[in-house]
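Okay, structure first, notes after.
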Protein chains: 2
Amino acid sequence: MGLRERKKEKTRLAILDAALDLFLEQGYESTTIEQIAGAVEISPRTFFRYYTGKDHVALWFHDHGEQIMLETFAGRPADEPPFTSLMHALRAVLNDVEGVTPENEERFMKLRRLMEEHPRLMGLSMARGRATEQRLATAVAARRGVAADDDQLTHLIVGFAMSTLRVGFECPRSDATIGDVRQRMAECIELAEGSLRPGWDLRR
Amino acid sequence: MGLRERKKEKTRLAILDAALDLFLEQGYESTTIEQIAGAVEISPRTFFRYYTGKDHVALWFHDHGEQIMLETFAGRPADEPPFTSLMHALRAVLNDVEGVTPENEERFMKLRRLMEEHPRLMGLSMARGRATEQRLATAVAARRGVAADDDQLTHLIVGFAMSTLRVGFECPRSDATIGDVRQRMAECIELAEGSLRPGWDLRR
DNA sequence: ATGACTTATGGCACACTGTGACAGAAAGGT
DNA sequence: ACCTTTCTGTCACAGTGTGCCATAAGTCAT
């Protein structure tokens, strides 16, 4: 990896961290692009070359998580019930956050706090979640051997899985640690699996 | 109702219809507030006194639907399983669209077409859906006799119900009629109810 | 009707977001 | 060193959204 790419990655993360801190410090709405750019010592124009806007910064984790979910799902055995595979994908997302680097763990927790304080951001995350659902639905449909467009059950499976994710993610306590989130997510997965009829996601 | 309020309501709907037509005609992004205001012969400034922005216009139906869901849920018997009540609320939304006025029916279908063409709008609808979920969760928690904040099952019930709504709403065919949407929603409700264990939403 | 009161509207200025175009700087390869 | 590719900053511009204030329209007394 050349110097160029390393520098770009460094800038991308510097913007992310500066923005996150500013958002938490003085509020999301009242933080301007100019301030963020100033803190990283780049021009506002350059900011837009790394992120499409303020929103995009706040959704950094979402893109990351989606990638992991898709990869995990693809790696699960083809004869496993799709919802079960999706629950494994959920666990994989948290495993990744907890495991990789302390920096990412901190960013994750900052984003969680931010979303609690600003429901609009949580909404945006859901909005992007819709695109994620679409991609997951394609994968699930392929495994089920049906066309994604006209199989309602496929979409229902994915929708239920994403609901489970959201409920597990929205730990109500603001002083929550990663461990708390992890545990809540685990409880939530158990709750969801216990609510559904065995084999419900294998029907035609 | 005085002349003032009637006139306001008329303006509000005139803006909605003009905006919807412009969106479908020349695309959502490339339609400006100025154009909409021009079509209704009001100043751009006044537009913002009726709607908070272009997005808000596109979410007209959502606000309407949420109101109906909340009212329907509140009107269901207190000993009915909450998920069942929510499914009734879903049906009530469609009943209302189909029943009331031809104008609203047309607006509903225009919005559906618009959302299919512009996934971003569907996302925004989901974003607002998050606020709706919050309000529904409060109602469901009250019926279950628990605190909304720390009862995960409450949120799961609402989340599953909203997933069902979304899947039913996203009829894939763009030439769909109201009847098609209605039928698809009915199928989807049946599918969801058949996927869940009886009594799952009554547990503690 | 007339006047006084309340509310809606239009016009203006302003800050912020986001994008295209272009010139100069930095990095890569030879 | 040279040329090529890519990144960066500056400028200009269109659009969104809000505060402010004067004016117009509606409401409600007498």
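Some observations on this one:
- Hits in the range B:103-135 - residues which are more than 19 Å from A:R120 (Cβ to Cβ) and either of a type in the set (A, V, I, L, M) or not in a helix (DSSP H, G or I) (or both): B:M109, B:L111, B:L114, B:M115, B:H118
- Residue within the range B:183-196 that is of a type in the set (D, E, K, R) and part of a loop (DSSP other than H, G, I, E, B) present: no
- Scope the range B:36-59; condition under 18 Å from B:H118 (Cβ atoms), free of Cβ contacts under 8 Å to residues at least 60 places away in the same chain and in contact with a helix residue (DSSP H, G or I) (Cβ under 6 Å, 6 or more places away or on another chain); matching residues: B:I36, B:Y51, B:V57
- Residue within the range B:133-148 that is in the same structural domain as B:L114 (by TED's automatic domain parsing), aliphatic (A, V, I, L, M) and more than 24 Å from A:G168 (Cβ to Cβ) present: no
- Flag if A:T52 is within 12 Å of DNA strand C (Cβ to nearest atom), surrounded by fewer than 16 Cβ atoms within 10 Å (Cβ to Cβ) and polar (S, T, N, Q): yes
- Residues being within 12 Å of B:F73 (Cβ to Cβ) and either in contact (Cβ under 8 Å) with a residue 40 or more places away in the chain or in contact with a Ser or Thr (Cβ under 7 Å, 6 or more places away or on another chain) (or both) - total across the range B:120-140: 6
- Taken over the range A:77-102, the criterion of being open to solvent by 60 Å² or more (accessible area, probe 1.4 Å) and outside any helix (DSSP H, G or I) is satisfied by A:P77, A:A78, A:D79, A:V100.
Condition check ((1) within 13 Å of DNA strand C (Cβ to nearest atom); (2) within 14 Å of chain B (Cβ to nearest Cβ); (3) open to solvent by less than 50 Å² (accessible area, probe 1.4 Å)) across all residues:
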site: A:A37; (1), (2), (3): yes, no, yes
site: A:H56; (1), (2), (3): yes, yes, yes
site: A:F61; (1), (2), (3): no, no, yes
site: A:F73; (1), (2), (3): no, no, yes
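- Flag if B:E193 is out of contact with any helix residue (DSSP H, G or I) (no Cβ under 6 Å at 6 or more places or on another chain), open to solvent by 20 Å² or more (accessible area, probe 1.4 Å) and at the interface with another protein chain (Cβ under 9 Å from one of its Cβ atoms): no
- In the set (1) within 16 Å of DNA strand C (Cβ to nearest atom); (2) open to solvent by less than 40 Å² (accessible area, probe 1.4 Å); (3) in a helix (DSSP H, G or I), A:T31 fails one condition alone, (3).
- Any pair with Cβ under 8 angstrom, 6 or more apart, that starts in the range B:94-108 at a residue that is assigned by TED's automatic domain parsing to the domain that holds B:D180 and hydrophobic (A, V, I, L, M, F, W, C) and ends at one that is modelled with pLDDT of 90 or more and open to solvent by 70 Å² or more (accessible area, probe 1.4 Å): B:L94/B:R182
- Any hit, the range B:1-18, residues being part of a helix (DSSP H, G or I), more than 30 Å from B:F160 (Cα to Cα) and more than 15 Å from DNA strand C (Cβ to nearest atom): yes
- Scan the range A:140-182 for residues that are exposed (fewer than 14 other Cβ atoms within 10 Å of the Cβ) and either more than 7 Å from chain B (Cβ to nearest Cβ) or not in a loop (DSSP other than H, G, I, E, B) (or both) and the total you get is 8.
The values are calculated or read from the model by the stated rules, or taken from the named source; none is laboratory data. In this text the structure is predicted, and so the values were computed from the model without any measurement. Note: ideal-geometry Cβ built from the backbone for every residue, glycine included; neighbour counts use all protein chains shown. In case anyone asks, the SASA skips ligands and DNA or RNA and just uses the protein heavy atoms, side chains included. Shrake-Rupley method; radii C 1.70, N 1.55, O 1.52, S 1.80 Å.
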